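Encoded as structure tokens, the structure appears first; notes follow it.
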Amino acid sequence: MKIHADILTAAQQRALRRLGPFALREGFYLGGGTAVALQLGHRLAASLRQEKIPFVTGQAERGTLHGRAYRVQLSFFEYAYPLLKPAFHWREVGCPIASLADLACMKLAAIAQRGSKKDFIDLYALGQKRYSLTDMLAFYRSKYDVRDIGHILYGLSYFDEAEKERMPRMIWNVDWKEIRKTVQGWVKSCAR
């Protein structure tokens, strides 16, 4: 698997090299939009998200921790669901990265909960490079052991919150209107 390390700043790369061996040893992995961007190369990383690593705490809530390590903003989340596929081991930094199938599930869940522009963009990239929405929904059903995906299709059709957010720094030459139109088309074909 090709890793697009250029989506990370030099500080983010240093932080991963320092934290990667700890993540591997403790059974953690990199998830979220940064993990998608590392594998697909569609946008620059905004922050690093791993499942748990000690650092200077900024804000803590049950199952969530935000803070800084090595001058890089990090977010860590407890994630109780098993991986569908083994995490990919990024040898250069010693850090496991969640599979694209697992990341697709996480992105669908995030869109159903909050509908962030970055989540839609990451899902679009997954759909352009790897999986159809039908495939991603099948992964979601399997990972979370659910049948009814109505709330996911609704979330994929609700763009109000995303419209208010700034576009992240993109590497691919695609704009928000194209992403929104594409996702809407996917939903229409799945809803038939």
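No lab work stands behind these numbers, since they all come straight from the coordinates. What you see is a predicted model, and the numbers here were worked out from it, not measured in a lab. Note that each Cβ is placed from the backbone with ideal geometry, even for glycine, and that neighbours are counted across all protein chains shown.
With the highest mean first, a sort of the peptides 134-145, 80-91 on other beta-carbon atoms found within 10 angstrom per residue produces 134-145, 80-91. Sequentially through the stretch 79-88, phi angles give Karplus couplings (6.51, -1.76, 1.60; θ = phi - 60°) of 9, 7, 8, x, 6, 6, 10, x, 5, 7 Hz, Gly and Pro residues having no value and appearing as x. Sorted on the mean count of surrounding Cβ atoms within 10 Å across their residues, most packed first, peptides 122-133, 96-107 read 96-107, 122-133. Using a/c under 1.5 as the rounded threshold, could you call the stretch 98-176 rounded, prolate or oblate? The axes a ≥ b ≥ c are square roots of the C-alpha gyration tensor eigenvalues, and prolate needs a/b larger than b/c, oblate otherwise. In terms of gyration-tensor shape, oblate.
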